[in-house]
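**Q** Got a structure for you, questions after.
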Amino acid sequence: MRYLFWVLLFFSLPVSSLAAEYQATPDEPLQAQLDRTESGDRLILAPGRYTGSITIDHPMEIRGTGQAIIDGQGQDHAVTINAPQVMLEGLEIVNWGRNLTDLDAGVFVTENATGSVIRDNRLEGPGFGIWLDAVTDVKVIDNGIRGDTALRSQDRGNGIHLFNVRDVLIEGNDIARTRDGIYIDNSSQSFLNRNELHDLRYGIHYMYAYDNHLEGNLTFDTRTGYALMQSKRLTVLNNRSVNDENYGILMNNITGSRLEGNRIEGIRQPVNARGEGKLQGGDGKAIFVYNSQFNEFLDNRFAKSDIGIHLTAGSEDNVVLGNAFIDNRQQVKYVATRSQEWSKDGSGNYWSDYMGWDMNNDGIGDTAYEPNDAMDRLLWRYPAARLLMNSPAILALRWVQRQFPVFKAEGIKDSAPLLADPTLDKADI
């Protein structure tokens, strides 16, 4: 009976309590050392360079001490995680393959890797940094990822790529010089928090993604900070875009989403050596909204950009309240055929160029703010006419339009402009 008791006790113990810890050295192939471990074991890598790709096929921990480097030798994936509950931490991973068709990655995570954690690693290589493939419940935290600058931007992989994943946390990563920083494709319930992304094409790029959460991220020196495309029900909170080119936030066919508390500043169209925009007639847009409806824009700050907000291609029926448009060269560009009201219950948005009065001191302007008129629409159609913007003829036409509303074009109207910037005490850029 006593023997049976000890047998039952042994098999009832959790795997972690039975785990062994091994020390790996670069003197022997790392895969061979991995193959001697069992589920729940811990493998500690001593400093040094470990060559060749490895595959982890049972639950375990792999940790680096000092400068433990896994070198993929320019082929395939450097590390493949093909088991649940794997912890990969404290490693340097370099020199994996560059074949984007074969999805070569520094760390390739298969659908079997549920519950795995990739934390505090440093990756540098030509293909994808970390690829998550049809997996659930994975955490990618506090990693540094760099691409190969010897390759053209379009020939590099993305820093972190999510394909058909669910319930994934991507947090605290620093990504630069890959193609896109984080790419979310056909995925849901992903949480992207506090990542820093720079020197990229797109900082964060959503495609066909639903019910995802994006909060507290920072992009700078990218060609577009946040590219939200073909997606629904995104929650985009308290993100920052500073000195990105072309677009701070780009929205293409986005519905049912909420953008709140974001701070976008200094978005400019890059210029060539002659001081001309690289794109004909191009402008830097703090936010560009294309074919996107039924979204909420609340408490955002769009500042010091060529254009504060540009809406076109049926981008109507959106709620725009409590935002601050600060010192943009052009606050609003609205290309559509229906008028849009950007106030509700006696409260609208703050406009730094509003020239109206507040005679009753209620903090709301006494006259509506209308950022665009028929002359603006004419100048959008014929950009060369901007040379005449302040000419007596244009000023006369604007005066006629104000005196005779029959000439008034459809556009944006804020009937209750705010006299104080509601984002001022929250602005941290």
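The values are calculated or read from the model by the stated rules, or taken from the named source; none is laboratory data. Every value quoted in this text rests on a predicted model; they were computed, and no experiment measured them. Methodologically, a virtual Cβ is constructed for each residue, glycine included, from the backbone with ideal geometry; neighbour enumeration extends over all protein chains shown. Surface accessibility is based on the protein's heavy atoms, side chains included, excluding ligands, DNA and RNA. Shrake-Rupley method; radii C 1.70, N 1.55, O 1.52, S 1.80 Å.
**Q** If I take every Cα pair under 8 Å that is 6 or more residues apart in the range 53-128, average their sequence separation and divide by the length, what percent do I get for the relative contact order?
**A** Value for the range 53-128: 33 percent.
**Q** Considering only protein heavy atoms, what per residue accessible area in square angstrom results for the range 298-357 with a 1.4 angstrom probe?
**A** 40
**Q** Could you report the accessible area of residue 333 in Å², rounded to 10, computed with a 1.4 Å probe on the protein chains as they sit in the structure?
**A** Looks like 30 Å² after rounding.
**Q** So how far apart, in nm, are the two label points at residue 152 and residue 293 if each is 7 Å from Cα heading toward Cβ?
**A** Result: 3.8 nm between the two label points.
**Q** Full extension from residue 221 to residue 101: what is 0.36 nm times the residue separation minus their Cα-Cα distance, to one decimal in nm?
**A** 40.4 nm
**Q** Take the residue pairs 304/413; 285/333; 344/413; 232/344 and return only those whose Cα atoms are more than 18 Å apart.
**A** 304/413; 232/344
**Q** At 0.36 nm per residue, and after removing the present C-alpha to C-alpha distance, how many nm does the segment from residue 65 to residue 347 gain when stretched out fully?
**A** Stretched out fully, the residue 65 to residue 347 stretch lengthens by 95.8 nm.
**Q** Sticking with this one: Cβ under 10 Å from residue 155's Cβ, residue 155 left aside: what net charge do those residues give with Lys, Arg +1 and Asp, Glu -1?
**A** So the surrounding residues net to +3.
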